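Below is one structure, written out as structure tokens, with a few remarks after it.
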Amino acid sequence: MSNPVTLTREGRCGLITIFKPPVNALGQAVRSGLMETLAAALDDVRIDWIMLQSGGRCFSAGADIKEFGQDPQAPLLPQVIDAIESSSKPVVAWLHGVSLGGGLELAMACHYRLVVPEARFGLPEVKLGLIPGAGGTQRLPRLVGLEAALERILSGEPIGTERALELGLVDGVAEQRHTTEEVRIAMAAEFAARGVRPTREHALHSESNDPLDWLARQRSALALPESSGDLAPLKAIEALEAAITQPFDKALARERELFLECLASPQRQAKVEAFLAGRHDDRLADRDDTRGANA
């Protein structure tokens, strides 16, 4: 089986490419490949900067669903993300298709994000009874602000390129959906020339004069009797409170604790089972449709 992550050199650019069809899920092989290729790019004196991209139909749809319920295997996604954000060479992400869940968390760890016009971005973990567990609750508010971050995390719905650019989630948009590698590298090189820019060092901004009070009011609204009572939305607010009140590393550790609490909840297990059952039903429907078309 070929390596799902490769490193090639294009001039002074180290081009890291993920290719794990169908959706470039961030399973153990991909995570290991990212660590290996990143280390190789950092060690190569001919490489001044790095571009991270994916082949196929999207950047990454996030975690590998087949690993749900299994013992985690190193390297964990937070370790991969920390290594990328800590890179001494600028890392530019080139995003197309969807960047969801861990895929968006991976992109947010890069120093710059460039996208095609039709790309979409989201953190859908709440729909599985989870919160983002690889820095999403910490990096997103540093890019888009506290209020927009909470909205995106609680809704779980993706946004398009125009909105992402407006919020500050992405830094630039290509003129066309289909671009050559030469064009992508040239565009990314302009951003890489600005130097390393870790997302963790961005100031966390809020539209409220008292962001903690604002979060407390959001928690009260979620606790109303007519609300669903889901654990994940309340844990997401706790993670954002940590982002405001604690140093980044401590807040990141707190996010992970809250993520694991959600992961262990029966409610989360029921949502994942329903999600997997839905995927199974979709595959059966697709197969039946195909049979009908060929009958």
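The values are calculated or read from the model by the stated rules, or taken from the named source; none is laboratory data. All figures in this text were calculated on a predicted structure; none of them were measured in a lab. Here the Cβ is made from the backbone with ideal geometry for all residues, glycine too, and neighbour counts use every protein chain on show.
As an exercise: evaluate A41 against (1) modelled with pLDDT under 95; (2) buried (at least 22 other Cβ atoms within 10 Å of the Cβ) and give the number of the one condition it does not meet.
Looking at each condition in turn, A41 falls short on (1).
Quick one: how many residues across the range 77-113 are without any contact (Cβ under 8 Å) to a residue 60 or more places away in the chain and farther than 17 Å from I18 by Cβ?
Residues meeting the conditions: 1.
Which numbered condition in (1) under 21 Å from Q138 (Cβ atoms); (2) surrounded by 19 or more Cβ atoms within 10 Å (Cβ to Cβ); (3) of a type in the set (A, V, I, L, M); (4) touching a Lys or Arg at 6+ places or on another chain (Cβ under 9 Å) is the only one that A192 fails?
(1) is the only condition that A192 fails.
How many residues are hydrophobic (A, V, I, L, M, F, W, C) and in contact with a Ser or Thr (Cβ under 8 Å, 6 or more places away or on another chain) when one looks only at the range 131-159?
Adding up the residues that qualify gives 5.
Determine which single condition T6 fails, assuming it passes every other condition in (1) surrounded by fewer than 19 Cβ atoms within 10 Å (Cβ to Cβ); (2) out of contact with any Phe, Trp or Tyr (no Cβ under 8 Å at 6 or more places or on another chain).
The one condition T6 does not meet is (2).
If I go through the range 150-174 residue by residue, how many of them are more than 25 Å from N209 (Cβ to Cβ), assigned to a loop (DSSP other than H, G, I, E, B) and free of Cβ contacts under 8 Å to residues at least 40 places away in the same chain?
2
Could you give me the residue pairs with C-beta distances under 8 Å whose first residue belongs to the range 132-149 and is in a loop (DSSP other than H, G, I, E, B), whose second residue is of a type in the set (S, T, N, Q) wherever it lies, and which are 6+ apart or on separate chains?
Every condition considered, the pairs that remain are G145/S206.
Based on what the data block shows, is P247 closer than 30 Å to I81 by Cβ and at pLDDT below 90?
Details: closer than 30 Å to I81 by Cβ: yes; at pLDDT below 90: no.
Judged against the criteria, P247 is not a match.
Select from the range 117-130 the residues that are outside any helix (DSSP H, G or I), out of contact with any Ser or Thr (no Cβ under 6 Å at 6 or more places or on another chain) and buried (at least 24 other Cβ atoms within 10 Å of the Cβ) and list them in ascending order.
Across the range 117-130, the qualifying residues are L123, L130.
Within the range 198-215, identify whether any single residue is basic (K, R), touching a residue at least 60 places away in the same chain (Cβ under 8 Å), closer than 30 Å to P90 by Cα and outside any helix (DSSP H, G or I), and answer yes or no.
No: zero hits.
If you take the residues of the range 239-257 that are surrounded by fewer than 18 Cβ atoms within 10 Å (Cβ to Cβ) and free of Cβ contacts under 8 Å to residues at least 60 places away in the same chain, which of them is nearest to E151 (Cα to Cα)?
T245
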